[in-house]
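Encoded as structure tokens, the structure appears first; notes follow it.
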Amino acid sequence: MSKLQSTTQSGSPRIGMVSLGCPKNLVDSEKMLGTLALDGYALVSEPEGADFVIVNTCGFIESSRAESKEVIREMLDLKRAGKTLTVPANKSILETLAGAGIKVKTLCKEGVCGTCRVGLLGGRADHRDEVLTDEERERNIQVCVSRAVPGETLVLDL
């Protein structure tokens, strides 16, 4: 895996790139980065600092496809870990997510339909729904009514 070095221009979306595979892919990646830089995008050398990450790979060889799937999963994990929101006492998690532009399906907004269930990856939740079983509550949360236990930070899989 080659993480390409680049320069940063302030005020533009930050683009990162991971180039996998043969030297031809590296040349193609460098061409793409050059075009993006000319179009005013800020280029960053590490995916952690990027708003968007491009994964350039060869799709002809099975091992390359497997490697690219793993890298894409890593980039998704990085993206999921990147946002921190504070939920005020007068708002639900669902309302706070919507205010940040994160869409979650919902119907009842009362914790009885199960539509707004999202994955709970970490933290202790104060489950206020009427739909999840105790076992489901270990790894899910109904964001329309449930909250973090005081002093806890929840990590959600959105």
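Readers should treat all values here as calculations from the given coordinates under stated rules, not as data from a laboratory. Bear in mind the structure is a predicted one, so any value in this text is a computation, not a measurement. FYI the Cβ positions are ideal-geometry reconstructions off the backbone, even for glycines, and counts take in every protein chain you see.
Specify whether the C-alpha gyration tensor of region 65-158 places it in the rounded, prolate or oblate class, a ≥ b ≥ c being the square roots of the eigenvalues: rounded for a/c under 1.5, otherwise prolate if a/b is larger than b/c and oblate if not. Prolate, since a/c reaches 1.5 and a/b exceeds b/c.
Rounded to the nearest Hz, the phi-derived 3J(HN,Hα) couplings of region 97-103 under the Karplus curve 6.51 cos²θ - 1.76 cosθ + 1.60 (θ = phi - 60°) are 4, 4, x, 9, x, 9, 8, where x marks glycine and proline. Residues whose amide H comes within less than 5 Å of that of N140, counting only those at least five positions distant or on another chain, are L120 (H built at 1.01 Å from N in the peptide plane). Scanning residues 5 or more positions from L156 or on other chains, those with amide H under 5 Å from its amide H are L121, with H placed 1.01 Å from N in the peptide plane.
Annotation for K69 and K91: the two label points, set 7 Å from Cα along the Cα-Cβ direction, are 3.8 nm apart. Computed from Cα positions, the angle between helix 23-38 and the longest principal axis of the chain comes to roughly 70 degrees.
Cβ crowding within 10 Å, taken as a proxy for footprinting-reagent exposure, orders R139, R147 from fewest neighbours to most as R139, R147. Between amide H atoms placed 1.01 Å from N, distances below 5 Å from S12 occur with A42, all of them 5 or more places distant or on a separate chain. Could you check which residue among C58, C108, C116 shows the biggest mean-square fluctuation in a GNM of the chain with a 10 Å Cα cutoff? For the chain, modelled as a Gaussian network with Cα springs under 10 Å, the answer is C108.
Here F60, F52 are placed in order of increasing Cβ neighbour count within 10 Å, fewest first, which gives F60, F52. The string of couplings for region 150-156 from the Karplus curve (6.51, -1.76, 1.60, θ = phi - 60°) is x, x, 9, 10, 8, 10, 10 Hz, one whole number per residue in order, with x for Gly and Pro.
Rounded, prolate or oblate: which one fits region 2-80, using the alpha carbon gyration tensor with axes a ≥ b ≥ c (rounded when a/c is under 1.5, else prolate when a/b beats b/c, else oblate)? Oblate, since a/c reaches 1.5 and b/c is not below a/b.
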